[in-house]
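Structure, as structure tokens:
What follows is calculated from the coordinates using simple rules that are stated; it is not laboratory data. Quick caveat, the model's predicted, so the values are computed rather than measured. For neighbour counting, all protein chains shown are included, and Cβ atoms are generated from backbone atoms with ideal geometry for every residue, glycine included.
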């Protein structure tokens, strides 16, 4: 046991590096150690330090360059030392595994791989050669881990900066539209920037990047030109860099901001259409590549290996590697790559009512305390107070303070159970708002169903034991995913119907407002019209106004009910434009155009990708058909050929090539594991169903969550196909 203490210490050091990611105290300790050891070294200024600092700014990393660089060196050093220790044990383990004679290994391996047996000569090394081998293994693994950690952390920043650049490019058109609309309403430019910073959660990463310039201006007194120029140098997005630089030039020359933003808005609208075409072409290429490389390719490979395995030599181990590791890992890499290339952002602005309740309680408490002080002061002003009266006033203040403290405790207790109360009072709406919560019910039910239908399992060979539970497991998986898909699609379709009505809502609101009606009257008039899925929510908004809520509060409640990115942007624009002017018609026209353009591009994408979605389905059906043919026709034919014909004596039938003979291509076919191959076919079809469904959602609708419904359909097709095969 003592011999393994260095190995345990090395593994412990590696695990300790994970603690800062989950515990702030551990992160503080690691930061202090890193700064103590490497702080002076990384503080030296130079070109590399400036590049790394710019990279951190582009990736939007919290903290200083000195801290990040020192922790990077500390992690690399710890992994280097731990890797050196592990390398010694790896080399020792290799030598222990090779403690077998060369002749025995040559007999075990095929003749074509007999040269591998020469590696056993490593066990015959002398002490100097053995020391050199262990040192080489230690230095190689330690250096690899240290270098990989150092460059990996900086490469991670580069990837994060690239991802942020893509997100900024995706959200910049709507951000410019928001700025243009607010400037068109008459709002001063500094206030436009402040408003954008306040709504960065709604308008995404481009607004977040520009909000850094706003904080520079508000917190440090930086002028707008300097702040925008810094943003231009810092941002990872070329489009935003050009926009910030041009905006700074316009501010410096005194040209109208509204005219510049109008030109930029139209430019980005045209660029959005061009990028949409490039985007669709890229998705088309990805779809064709997936069908060719990850559907047809594995199918071809599996077919060849099955033929070789059934006719010549067993290939089950290699087939298992392809089915259980190759296809899932390749699909995972494909999905991650597509997501990194085609990523976008979206979100909604949410309001935490518990903070408002707590603030209100504190305000009430302050008012109560002030009232007690005023009463006390009034008694003293009359001059008739006594010591007893003063004591009574103090007691009154204490009782009042205790009362408000008790009220605050009750409010905190209410906030603690508020989510539970919401679940109890509105379970359907709660599940629709968070579709993943349906797993809390479906997974236990699926496990219970498996325990009832598939257990107890009859002990036997692993293949037979797996065969008893594989169909129920796939069926339970399909049912669990189906429950999530139903909830997710119900929520998505509702939001989609509402978003399709947003452009019409904004157009009608603009028309009524331009006719001279106030904002309150415009909302009431539009709420009486038919706006399809948005009608009921707008009527609730009108009732809020009728019951005394102001328009901004009523619209924010609408946004919280709908929880749609497009609705959130529209509400943010309307509520902020109302602060600048009551004539918000032109602003609403801009918002309607932006919403209609977004909706049009999204609809075009769905229509174009529908073709490739059908291609993925057809390719899976081909995959399933060939797998079924192998199970129904090919394997039974091979089994039949492997059984020698009945015959007696040593006549002609025993001659090679004669009828009933056992030589030629059918020689040795009696040892095939037909059941294992058929079971592997079912697993391959189920795994391919999951992979194809997720990729179909990623390519067709932009998220693997949208692929869950396709996974359910393809899994059910797989189950139905193999149930039919079992009956044949």
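Could you state the number of Å between the C-alpha centres of region 583-636 and region 134-164? Here the two parts' Cα centres lie 39 Å apart. Taking 7 Å steps out from each Cα toward its Cβ at residue 340 and residue 154 produces label points 1.8 nm apart. The distance between label points at residue 26 and residue 259 comes to 6.0 nm (points 7 Å beyond Cα on the Cα→Cβ vector).
Given a Förster distance of 56 angstrom, what is the FRET efficiency for residue 300 paired with residue 136, based on the Cβ-Cβ distance and rounded to 0.05?
0.85
A simple packing score, the average count of other Cβ atoms within 10 Å per residue, orders the peptides 79-89, 527-537 as 79-89, 527-537, with the highest score first. As an exercise, use a Förster radius of 35 Å and the Cβ-Cβ distance of residue 451 and residue 727 to find the FRET efficiency, rounded to the nearest 0.05. Efficiency computed from Cβ-Cβ geometry: 0.85. Extending 7 Å from the Cα toward the beta-carbon at both residue 329 and residue 307 defines two label points whose distance is 2.7 nm.
Distance from the Cα centre of region 506-552 to that of region 206-277, in angstrom? Using only Cα atoms to place each centre, the spacing works out to 33 Å. Computed from the C-beta positions of residue 716 and residue 465 and an R0 of 30 Å, the FRET efficiency is 0.75 to the nearest 0.05. Length gained on full extension, residue 292 to residue 497: 70.3 nm, using 0.36 nm per residue less the C-alpha separation. Across all directions, the average projected area of the convex hull around the alpha carbons of region 170-276 is 6.2 nm².
Put in line by how crowded their Cβ is, counting other Cβ atoms within 10 Å and starting with the fewest, 154, 404 read 154, 404.
Along each principal axis, taking the top coordinate minus the bottom one, the Cα set of region 484-559 gives 46, 25, 16 Å in descending order.
Give me the number: length gained by fully extending residue 225 to residue 61, i.e. 0.36 nm times residue separation minus the C-alpha to C-alpha distance, one decimal in nm. Please list the in-between numbers first.
Numbers: separation 164, 0.36 × 164 = 59.04 nm, distance 2.40 nm.
This chain segment gains 56.6 nm when fully extended.
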